[in-house]
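The next block holds one structure in the form of structure tokens; read it before the comments.
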Amino acid sequence: MISHIQITLIILVTIIATGLVAIPFGNPNFVDRAIILELSFVTLFVLIWKGYNKALYACIPLAAFVIIGNSLAPPHVNTMMTFSNPLNAIVLIVGGYILQIALVIASLLSILNMRSRRITSLN
């Protein structure tokens, strides 16, 4: 059976892959910020994969940051509302909302699962 941590890792890999596809299509003025964001997801993946489960807590605010950032950027909102560039719109919706929400849910489930195991092992 796949654990919640494995699901979180799969979602992180998918976010990284989506970001790698999206960076070349983005605004060249923001490539540096996009790369830093991608490296953040890679770092979280590596830390969680190595067993540093406290990194799960960082997934939640990072995903919220991405969702809020996409929602507050007028060019992103315009692209998603008009589908003027369909590939960009799909990548923004999938990578910027669907996968981020999935990351929050998977991280929360992983954290709750770890806590419940900790509590049952104390009894």
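For Leu39, what accessible area in Å² do you get when you roll a 1.4 Å probe over the heavy atoms of the protein chains, rounding to the nearest 10?
100 Å²
How big is the accessible area of Phe83 in square angstrom, nearest 10, if you roll a 1.4 angstrom probe over the protein chains?
That residue has around 90 Å² of solvent-accessible surface.
Work out, step by step, the length gained on full extension between Leu39 and Arg115: first 0.36 nm times the residue separation, then minus their alpha carbon distance; give nm to one decimal. Show your work: numbers first, answer last.
Details: separation 76, 0.36 × 76 = 27.36 nm, distance 2.79 nm.
Full-extension gain reported as 24.6 nm.
Would you mind working out the magnitude of the charge dipole of the chain relative to its Cα centre, with +1 at each Lys and Arg C-beta and -1 at each Asp and Glu C-beta, to the nearest 20 Debye? Walk me through the intermediate numbers first.
Details: 6 positive and 2 negative charges, 105 e Å.
Charge dipole, the chain, about its Cα centre: 500 debye, nearest 20.
Quote to one decimal, in nm, the extra length available between Phe65 and Tyr52 on full extension: 0.36 nm per residue of separation minus the C-alpha distance between them. Walk me through the intermediate numbers first.
Numbers: separation 13, 0.36 × 13 = 4.68 nm, distance 2.17 nm.
Length gained between Phe65 and Tyr52: 2.5 nm.
For the chain, what does -39500 (n - 2.57) per DSSP helix run (n ≥ 4), summed and divided by total residues, give at 222 nm, in deg cm²/dmol to the nearest 500? Don't jump to the answer; show the numbers that get you there.
Working: 6 runs with 97 residues, N = 123.
Computed ellipticity for the chain at 222 nm equals -26000 deg cm²/dmol.
For the chain, with all protein chains present and a 1.4 Å probe, just round the carbon and sulfur fraction of the accessible area to a whole percent.
Working: 5690 of 7720 Å².
Accessible surface attributable to carbon and sulfur in the chain totals 74 percent.
Percent of Cα-Cα pairs more than 26 Å apart in the chain, please. Please list the in-between numbers first.
Values: 1867 of 7503 pairs.
Summing the P(r) tail past 26 Å for the chain gives 25 percent.
Hey, can you find the accessible area per residue of the chain for me, probe 1.4 Å, expressed in square angstrom?
Numbers: 7720 Å² over 123 residues.
About 63 Å² of surface per residue is accessible.
The values are calculated or read from the model by the stated rules, or taken from the named source; none is laboratory data. Fair warning: this is a prediction, and the values are worked out from it, not measured in the lab. With ideal geometry, Cβ positions are generated from the backbone for all residues, glycine too; neighbour counts draw on all protein chains shown. Accessible surface areas use protein heavy atoms only, side chains included; no ligands, DNA or RNA. Shrake-Rupley method; radii C 1.70, N 1.55, O 1.52, S 1.80 Å.
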